[in-house]
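K.L.:
Provided herewith is a single structure, encoded as structure tokens, for subsequent inquiry.
The values are calculated or read from the model by the stated rules, or taken from the named source; none is laboratory data. Predicted, not measured: the structure shown is a model, and the values here were computed from it. Ideal geometry is used to build each Cβ from the backbone, glycine not excepted, and the neighbour counts take in all protein chains shown. Heads up: the accessible areas ignore ligands, DNA and RNA and are worked out on the full protein's heavy atoms, side chains in. Shrake-Rupley method; radii C 1.70, N 1.55, O 1.52, S 1.80 Å.
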Amino acid sequence: MSQAKVKENDNKEIINCNNVNKWFGHHHVLKDVSLTVKKGEVLVILGPSGSGKSTFIRTINGLEEIQRGEITIDGISLSHDVKDIEAIRKETGMVFQQFNLFPHMTILKNITLAPIWVRKKPKADAEKTALELLERVGIPEQAHKYPGQLSGGQQQRVAIARALAMQPELMLFDEPTSALDPEMIKEVLDVMKELANSGMTMLVVTHEMGFAREVADRIVLFDEGEIIEQGTPEELFDNPKHERTKLFLSQIL
Ligand code: ADP
Ligand code: MG
């Protein structure tokens with residue numbers, strides 16, 4: 001882990017995936033995926049389109065069922081038990097490519113909805129936290145607007161604030177900047193960078209190689225539903241071992 005980062009670094013395993021397998025019908029999309037992530041670690045997932053990246057991170061918060069293998073999040077096994085899945089969802093914040101904000105609610109409402117209804121937080125507390133989070137993501141002045149009045153980059157920062165409002169143990173990002181105009185990518189990556197530096201455990205699917213190199217503690221490369229190679233950014237970018245990694249990097253860099 002990079003020493004510049006302020007991290008709790010207590011070596012606690014927060015995600016443990018053991019031989020995870022998933023099929024969509026006959027299509028085997030995750031093949032014996034095993035991976036552990038420690039508290040405070042920032043893991044970047046790379047790989048070609050269709051390689052199973054989204055499916056994999058969706059399994060981590062129970063959005064996709066798996067058919068074989070085991071996933072444990074912060075000591076809770078993600079079995080078929082609905083209660084376990086609910087417990088894990090509460091610990092896991094997710095940010096999607098499409099921001100998925102509620103269009104008919106103000107930004108403040110979007111952020112306070114789950115804390116009030118799921119966490120049973122008093123409204124005043126939830127609003128105070130929401131305003132602090134909007135400050136943190138750099139858009140405190142947008143609280144009373146509606147999503148449609150904000151730029152894509154601002155909406156994605158709201159989505160991050162909304163996830164953080166649930167005080168998650170870990171954050172999952174699925175191509176959070178892929179739907180953004182180029183000039184808005186940096187403002188979202190900067191928020192993610194700040195979050196990484198604050199010690200948040202993060203799994204990030206992205207094609208932003210600069211971010212991956214600078215912020216990731218570890219990079220894993222997916223191809224056809226398997227982890228082909230993993231290592232530090234230096235290992236993976238400067239000295240890739242697997243032919244498929246070399247091929248992928250040659251296409252994207
Ligand atoms: P990536 O995020 O790496 O582009 P995905 O995880 O979205 O890849 O998809 C992996 C494979 O699973 C692809 O072949 C995709 O077509 C297939 N797939 C994804 N979601 C579904 C679904 N809901 N039903 C059937 N097939 C799916
Ligand atoms: Mg995807």
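K.L.:
Just the number, please: carbon plus sulfur as a percent of the accessible area of the range 207-252, 1.4 Å probe, no ligands or DNA/RNA counted.
P.N.:
45
K.L.:
Could you work out the local net charge near His28, counting Lys and Arg as +1, Asp and Glu as -1, over the other residues with Cβ closer than 15 Å to its Cβ?
P.N.:
My count for the surroundings of His28 gives -3.
K.L.:
For the range 192-253 and the range 50-108, what is the separation of their C-alpha centers, rounded to whole Å?
P.N.:
21
K.L.:
Let me check against my output: what whole-number percent is the relative contact order of the range 166-237, with C-alpha pairs under 8 Å and at least 6 apart?
P.N.:
About 28 percent, as a whole number.
K.L.:
Something else: Once the whole set of protein chains is in place, how much accessible area is left on Leu180, using a 1.4 Å probe, in Å² to the nearest 10?
P.N.:
For Leu180, solvent-accessible area is about 20 Å².
K.L.:
On average, how much accessible surface per residue is there in the chain, in Å², for a 1.4 Å probe, leaving out ligands, DNA and RNA?
P.N.:
48
K.L.:
At a probe size of 1.4 Å, how large is the accessible area of Arg136, to the nearest 10 Å²?
P.N.:
100
K.L.:
For the range 182-252, treating each Cα as an identical point scatterer without solvent, what Debye log10 I(q)/I(0) comes out at q = 0.16, 0.26, 0.28 1/Å?
P.N.:
-0.60, -1.23, -1.33
K.L.:
Would you mind computing Rg(Cα) / (2.2 N^0.38 Å) for the range 138-200, counting N as its residues?
P.N.:
1.10
K.L.:
For Phe237, what is the net charge nearby, where nearby means another residue's Cβ is under 15 Å from its Cβ and Lys, Arg count +1, Asp, Glu -1?
P.N.:
Working: positive: Arg213, Arg218, Lys241, Arg244, Lys246; negative: Glu208, Glu214, Asp217, Glu229, Glu234, Glu235, Asp238.
Net charge in that neighbourhood comes out at -2.
K.L.:
Gaussian network model of the chain, Cα springs within a sub-10 Å range: biggest mean-square fluctuation belongs to which of Asp32, Asp81, Asp223?
P.N.:
So, out of Asp32, Asp81, Asp223, the one fluctuating most is Asp81.
K.L.:
Quick check: convex hull of the Cα atoms in the chain, volume per residue, rounded to a whole Å³? Don't skip to the end; give the middle numbers.
P.N.:
Details: hull volume 33.8 nm³, N = 253.
Residue-normalised Cα hull volume stands at 133 Å³.
K.L.:
Remind me, relative contact order of the range 133-196 in percent, using alpha carbon pairs under 8 angstrom and six or more residues apart? Write out the running numbers ahead of the final one.
P.N.:
Details: 34 pairs, mean separation 23.0, N = 64.
In percent, rounded to a whole number, it is 36.
K.L.:
Given a 1.4 Å probe and every protein chain left where it sits, what share in percent of the accessible area of the range 106-205 is carbon and sulfur? Walk me through the numbers on the way to the answer.
P.N.:
On the way: 2250 of 4230 Å².
Roughly 53 percent of what the probe reaches on the range 106-205 is carbon or sulfur.
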